[in-house]
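The values are calculated or read from the model by the stated rules, or taken from the named source; none is laboratory data. Quantities reported herein were computed from a predicted structural model and do not represent experimental measurements. Reconstructed Cβ throughout: ideal geometry from the backbone, glycine too, with neighbour counts over all protein chains shown. In case anyone asks, the SASA skips ligands and DNA or RNA and just uses the protein heavy atoms, side chains included. Shrake-Rupley method; radii C 1.70, N 1.55, O 1.52, S 1.80 Å.
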Amino acid sequence: MADKAQIATKPETAQFTAAQLIRQSAAQKARIAEITPLIARVGLRNQLLVKVTTEDGLVGWGESGMSGREQSVAATIQHYSSFLVGQDSRNISRIWQESYRSQYFEGGRILAAAISAIDIALYDLLGKRLGVPVYQLLGGKQRDVVPTFGTSMGKTTEQLLKEIGMLIDQGWTCVRTYPGSFDDSEIFDPRASLSKTAEELIAIREAYGKSICLGVDMHHRYTVAEAADFCAMMPRGTLNFIEEPIRSETPEAYASLRRMTEIPFAVGEEFASKWEAARFLDAGMTQYMRLDISNIGGFTEAMKVAAMSERHYVDVMPHNPLGPVCTAASVHMSAAIPNFSWLETRQTVVENLGYHDASLFPKQIKMNGPDYLLPDEPGLGIEVNEDALRKQVATHVEGPHLRRPDGSVTNW
């Protein structure tokens, strides 16, 4: 029987040992060294970015979608870092499960927003480590560009018609508006806004015909009765989708509204898990899935919801109101799924929100008219000017506390 020295000199044993050492070295380099939340004022909003750094100095970026409650999410991210530092950053799904399940009270929007940002950053890291765009990690691209829809927040019918015309001239074929009097004051009268919104949408359809897809974001401000009345005001064929007409806490309420109108629903930006999405998909209560990759759980959860939606022949129409990191993640996800309609963009000729400041994000996903172009760079394909970002002091943000004309509180 050969002794240990003889075994060690066998070529196949030496090769095995060398392979082990290479794997151990790679695992060491890929370990998470630091997770840092960064809150900065970018344009009209605060943005919460997450920087994940590995032992070999590689950096990945993620973004949380919980606008207005950034400090709560940042504290959660710091808590997660206490057990994620030292883990292999390549084990993304396992990290997602540990982050979600290692507590008695699982889930919720704050925890999901924190997990989302970390998950996106880990995918950015893995793409960079392997030298491929993130969409390649998701199975490759299904499309060559990612179409978008544009939004007008015009205050009058005349302004809406002008801005919708500008979007159409620039190539957009899907456009969206908000309810009349959306941001006029701290008083919001649902009934008055509905008649104004109906008049505006009818005028847009009459002006631009059937060639455009037209939707309205109701921002979940209404009751079932109010939303049903609004749908009844719409001549058949006026609206192609109505987005978030009521809040989503009670699926049965959506089921009731679904029976009262034939207008397709676009619902999902409030969802913080695949379980929330499943209830709506299984009951046929949304015809467009409005998941937000920075809120629902990052790539890990978004891809599962997209697959569930495909089973129900529902296209994904991602929510994307944030900055370049969320936009990049949304583009990669949208490129990789088969059931996709349009991605929300706030980078059009009629909106100047400042969320995609080039001095803070020198490399971003580019647009060609209404389409996002797919990047070839490894990871998300973005760069962050961290020094400049840290100088953008975040301000305290509190969403509008709206009241109805009688003084009672209503949804923003």
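In table form, for the structure just shown:
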| read-out | value |
| --- | --- |
| Fully extended contour minus Cα-Cα distance, from Q20 to A225, at 0.36 nm per residue | 67.3 nm |
| For region 256-412, accessible area per residue (1.4 Å probe, heavy atoms of protein chains only), Å² | 40 Å² |
| Distance between modelled label sites at N411 and D169, nm, 7 Å Cα→Cβ extension | 3.6 nm |
| Relative contact order [Cα under 8 Å, 6+ residues apart], the chain, whole percent | 20 percent |
| Accessible surface, 1.4 Å probe, highest first, among residues Y178, Y313 | Y313, Y178 |
| Spacing of the two label points (7 Å from each Cα toward its C-beta) at L353 and A33, in nm | 3.5 nm |
| Two-site FRET efficiency, T395 against E262, from Cβ-Cβ distance with R₀ of 35 Å, rounded to 0.05 | 0.20 |
| Under-5 Å amide H pairs with F149, H placed in peptide plane, nonlocal only | L343, E344, T345 |
| Value at 222 nm in deg cm²/dmol, rounded to 500, when DSSP H runs of n ≥ 4 in the chain each add -39,500 (n - 2.57) | -12500 deg cm²/dmol |
| Pair E55, R101: separation of 7 Å Cα→Cβ label points (nm) | 2.6 nm |
| Relative contact order %, region 166-252, counting alpha carbon pairs below 8 Å whose residues are six or more apart | 32 percent |
| Cβ-Cβ FRET estimate between K304 and T156, R0 fixed at 30 Å, reported to 0.05 | 0.10 |
| Shape box of region 267-369 [Cα atoms, principal axes, largest first, Å] | 44, 23, 22 |
| Stretchable slack from A388 to R279, in nm (0.36 nm times residue separation minus alpha-carbon distance) | 34.9 nm |
| S82 - accessible surface, heavy atoms, 1.4 Å probe, Å² rounded to 10 | 90 Å² |
| The chain: angle of helix 70-84 to the longest principal axis, Cα-based, in degrees nearest 10 | 20 degrees |
| Amide H contacts of V42 (H built 1.01 Å from N, under 5 Å, at least 5 apart or other chain) | Q47 |
| FRET efficiency estimate (nearest 0.05) - Cβ-Cβ, S211 to L373, R0 22 angstrom | 0.35 |
| Cysteines having no other Cys beta carbon under 4.7 Å from their own, within the chain | C231, C326 |
| Relative contact order %, region 252-359, counting alpha carbon pairs below 8 Å whose residues are six or more apart | 22 percent |
